[in-house]
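The structure appears below as structure tokens.
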Amino acid sequence: MNHLREVEEEQRELETWKGYADWRNRAAVKGRHGGMIAASFVLVVEILENLAYLANASNLVMYMKEYMHLSPSRSANDVTNFMGTSFLLALLGGFFSDAFFSSSFIFLLSASIELLGLILLTVQARTPSLMPPSCQGTAEPCEPVGGLKAATLFVGLYLVALGVGGIKGSLPSHGAEQFDETAPKGRRQRSTFFNYFVFCLSCGALVAVTLVVWLEDNKGWEWGFGVSTISIFVSILVFLSGSRFYRNKIPFGSPLTTILKVLCAAAVNTCTSKSSSNAIVNLAVSPSNHCVSKGKDQSEEEIEKTNRHRHLEASPVLITNSLRCLNRAAEEKPVHTSLECTVEQVEDVKIVLKMLPIFACTIMLNCCLAQLSTFSVQQAATMNTKLGKLKVPPASLPVFPVVFIMILAPVYDHLIIPFARRVTKSEMGVTHLQRIGIGLVLSILAMAVAAVVEIKRKRVATDMGLLGSQETLPISFLWVAFQYLFLGSADLFTLAGLLEFFFTEAPSSMRSLATSLSWASLAMGYYLSSVVVSVVNSVSGRSRHEPWLEGESLNHYKLDRFYWLMCVLSAANFLHYLFWAMRYKYRSTGVIS
């Protein structure tokens with residue numbers, strides 16, 4: 001009888017997903033929860049969510065300048081700060097998804113907060129008393145937004161930023177968790193999911209930078225905010241409709257607590273240890289597991305290979321010699337019981353620390369991407385934006401990289417990757433770090449192209465005697481599209497590569513937080529853009545010279561020099577990236593040939 005009961009329990013365990021629950025908090029069942037159907041709801045939600053966000057973010061610099069009467073530099077900085085904050089808050093969403101709540105709960109909460117912010121912005125745009133007075137047709141300078149009106153604007157914007165951050169920190173990892181990473185088919189489907197996640201980002205962006213931007217420019221900003229409000233509301237309904245298909249990862253507890261405990265334990269044990277030996281005694285994954293010792297003649301490569309094969313098993317792992325300063329945290333008799341760490345915890349923290357240099361090297365690329373929503377839009381606004389009889393809003397320029405990504409993403413997933421797998425005879429075909437490297441190279445080319453285009457634009461303005469004029473320059477805005485194409489391609493390679501890299505390499509208890517680093521890199525890029533603009537103006541404005549990025553109009557800016565500077569910085573950053581990427585050793589299943 002007992003044997004029969006044990007067999008039934010083993011069979012039940014085989015039929016359920018360990019560590020996952022359904023929407024009713026019961027054990028998730030294989031074949032019923034997870035898989036591509038569940039992930040498909042996430043992809044549709046991402047289209048609607050990104051539409052709601054980019055519908056305003058892509059054109060926000062013009063809203064701040066034309067309707068809130070802020071200067072071009074102030075408008076650009078406010079936009080980059082808003083977008084940077086949005087992506088930086090993804091770390092908060094990822095943290096709560098790992099530590100306390102399921103990623104599905106964090107999404108629903110964050111989407112509700114974003115909905116509230118968009119409602120506030122819509123009300124302001126529809127209410128003249130909440131807007132600064134119009135100054136069209138008057139000789140007096142425009143009064144910039146201030147007081148209660150400015151408070152309404154920025155409260156609404158940063159409620160949206162908080163909501164966007166929570167969504168970005170929870171939605172990608174929630175979709176990726178739907179796949180079985182213990183099977184090659186599941187890992188391939190997960191890789192496809194990340195490619196199509198970026199594809200869906202572009203689908204939402206396509207509607208945002210065409211239809212919604214046209215509504216904002218021709219019907220009023222209340223229409224743009226209104227469409228965004230409806231879009232995020234519908235995304236909540238779509239997400240809820242897929243609840244019965246999801247498998248939700250059960251929170252493991254605070255990953256930051258584990259990281260801080262290991263770092264503190266390593267520091268304290270090192271300072272208080274009387275022995276100069278670095279031998280580790282506590283090699284068990286948990287106190288209940290038996291101890292495993294490291295062979296004297298076992299090489300570092302053999303140890304890491306063993307750990308990779310045991311990545312998905314509840315078996316003891318071996319201590320490695322990389323970042324040896326942390327090995328002290330796994331001593332058998334720590335100074336205090338609260339500092340007791342297992343080898344698995346130490347190795348998990350090592351993995352996170354090894355990924356941080358890769359994260360840091362992508363910040364410069366995102367600093368380049370920040371120019372797409374600031375100076376590039378202002379460049380296009382000075383040029384001829386007509387295509388035949390159609391007048392294209394400058395904020396619709398991102399349609400070029402968006403369409404290119406929508407074409408390239410399926411081609412990459414269905415043609416390039418299968419071909420690369422056959423050539424390299426590996427499951428990945430193209431590794432995550434190779435994808436990120438390609439994106440960094442494309443960002444260097446993008447900045448060089450942007451500088452050349454700006455030289456041509458300024459030359460036309462000079463030749464036509466329009467440097468001091470507000471008239472439209474007789475040069476097509478399609479010239480600016482070239483830098484958009486290069487940066488759009490860089491975004492596809494880097495963002496999809498980063499999302500998958502952080503998710504697959506991170507320990508299971510830290511995946512949402514690690515995936516959020518992809519968005520935090522975007523945030524740091526936007527903040528860095530603001531810092532670079534300020535530093536460039538400060539340095540170039542010394543010795544009675546005019547700052548590069550200040551003047552009566554964009555025609556008086558030395559934007560080409562700024563773009564060349566970005567090109568040089570990007571090239572230096574790529575060399576820095578190569579240093580770390582060539583030394584990184586993958587630990588996830590599926591990367592090994």
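Could you go through the range 451-461 and let me know if any residue there is surrounded by 17 or more Cβ atoms within 10 Å (Cβ to Cβ) and among the basic types (Lys, Arg). Looking through the range 451-461, at least one residue is surrounded by 17 or more Cβ atoms within 10 Å (Cβ to Cβ) and among the basic types (Lys, Arg).
Note on the range 379-408: residues that are assigned to a helix (DSSP H, G or I) and touching a helix residue (DSSP H, G or I) at 6+ places or on another chain (Cβ under 9 Å) amount to 15.
When each of GLN124, GLN178, GLN189 is tested for being free of Cβ contacts under 8 Å to residues at least 60 places away in the same chain and among the polar types (S, T, N, Q), the lone residue that passes is GLN124. Free of Cβ contacts under 8 Å to residues at least 60 places away in the same chain, under 17 Å from SER40 (Cα atoms) and open to solvent by 20 Å² or more (accessible area, probe 1.4 Å) - does that describe any residue in the range 225-239? Looking for residues that are free of Cβ contacts under 8 Å to residues at least 60 places away in the same chain, under 17 Å from SER40 (Cα atoms) and open to solvent by 20 Å² or more (accessible area, probe 1.4 Å), one finds at least one in the range 225-239, hence yes.
Might you check whether a residue that is among the hydroxyl-bearing types (Ser, Thr, Tyr) and in contact with a Gly (Cβ under 6 Å, 6 or more places away or on another chain) occurs anywhere in the range 479-494? Yes, the conditions are met somewhere in the range 479-494. Restricting to the range 142-186, give me the number of residues that are assigned to a helix (DSSP H, G or I) and either open to solvent by 30 Å² or more (accessible area, probe 1.4 Å) or touching a Ser or Thr at 6+ places or on another chain (Cβ under 6 Å) (or both). Selection size over the range 142-186: 22. All of (1) under 24 Å from ILE358 (Cα atoms); (2) open to solvent by 10 Å² or more (accessible area, probe 1.4 Å); (3) of a type in the set (Gly, Ala, Ser) hold for GLY488 with one exception: (2). Taken together, LEU528, LEU569 contain a single residue that is touching a helix residue (DSSP H, G or I) at 6+ places or on another chain (Cβ under 7 Å), open to solvent by 20 Å² or more (accessible area, probe 1.4 Å), of a type outside the set (Phe, Trp, Tyr) and more than 18 Å from ALA450 (Cα to Cα), which is LEU528. Do we find that GLN371 is farther than 28 Å from LEU356 by Cβ, open to solvent by less than 50 Å² (accessible area, probe 1.4 Å) and under 26 Å from the mean Cα position of the chain (by Cα) in this structure? Judged against the criteria, GLN371 is not a match.
Report yes if LEU211 is buried (at least 24 other Cβ atoms within 10 Å of the Cβ) and aliphatic (A, V, I, L, M), otherwise no. In short, no.
Here's the yes/no breakdown for (1) under 26 Å from LYS65 (Cα atoms); (2) at pLDDT below 85:
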{"position": "LEU415", "(1), (2)": "no, no"}
{"position": "ILE436", "(1), (2)": "no, no"}
{"position": "LEU440", "(1), (2)": "no, no"}
{"position": "GLU454", "(1), (2)": "yes, no"}
{"position": "VAL460", "(1), (2)": "yes, no"}
{"position": "GLU471", "(1), (2)": "yes, yes"}
{"position": "TRP479", "(1), (2)": "yes, no"}
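Inspection of the range 345-356 identifies at least one residue that is among the basic types (Lys, Arg) and open to solvent by less than 10 Å² (accessible area, probe 1.4 Å).
Please go through the range 537-555 and pick out each residue that is of a type in the set (A, V, I, L, M, F, W, C) and either buried (at least 19 other Cβ atoms within 10 Å of the Cβ) or closer than 17 Å to SER75 by Cα (or both). Residues satisfying the conditions are TRP548, LEU549, LEU554. Taken over the range 397-427, the criterion of being in contact with a Gly (Cβ under 9 Å, 6 or more places away or on another chain) and open to solvent by 50 Å² or more (accessible area, probe 1.4 Å) is satisfied by PHE400, VAL403, PHE404, ILE416, PHE419, ARG421, ARG422, VAL423.
Residue-by-condition table, conditions (1) touching a strand residue (DSSP E or B) at 6+ places or on another chain (Cβ under 6 Å); (2) of a type in the set (Phe, Trp, Tyr); (3) closer than 24 Å to TYR196 by Cα:
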{"site": "ALA496", "(1), (2), (3)": "no, no, yes"}
{"site": "PHE503", "(1), (2), (3)": "no, yes, yes"}
{"site": "SER508", "(1), (2), (3)": "no, no, yes"}
{"site": "LEU513", "(1), (2), (3)": "no, no, yes"}
{"site": "SER529", "(1), (2), (3)": "no, no, no"}
{"site": "VAL536", "(1), (2), (3)": "no, no, no"}
{"site": "ARG542", "(1), (2), (3)": "no, no, no"}
{"site": "ASN573", "(1), (2), (3)": "no, no, no"}
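When the range 243-262 is limited to residues that are open to solvent by 70 Å² or more (accessible area, probe 1.4 Å) and not in a loop (DSSP other than H, G, I, E, B), the one that is modelled with the lowest pLDDT turns out to be LEU256. The helices (runs of 4 or more DSSP H) found entirely in the range 45-112 that carry 1 or more residues being hydroxyl-bearing (Ser, Thr, Tyr) and open to solvent by 10 Å² or more (accessible area, probe 1.4 Å) are 72-88. When we screen SER315, SER376, SER338 for residues that are in a helix (DSSP H, G or I), out of contact with any strand residue (DSSP E or B) (no Cβ under 7 Å at 6 or more places or on another chain) and modelled with pLDDT under 75, the only hit is SER338. Answer yes if at least one residue in the range 416-423 is in contact (Cβ under 8 Å) with a residue 24 or more places away in the chain, in contact with a strand residue (DSSP E or B) (Cβ under 9 Å, 6 or more places away or on another chain) and not acidic (Asp, Glu), and no otherwise. No - not one qualifying residue is present in the range 416-423. The residue list THR515, THR472, THR462 contains one member that is within 30 Å of PHE105 (Cβ to Cβ) and β-branched (Val, Ile, Thr), which is THR515.
The values are calculated or read from the model by the stated rules, or taken from the named source; none is laboratory data. Bear in mind the structure is a predicted one, so any value in this text is a computation, not a measurement. Every residue, glycine as well, gets a Cβ built from its backbone with ideal geometry; the counts of neighbours run over all protein chains shown. Remember, those area values only see protein heavy atoms, side chains included, never the ligands or the DNA or RNA. Shrake-Rupley method; radii C 1.70, N 1.55, O 1.52, S 1.80 Å.
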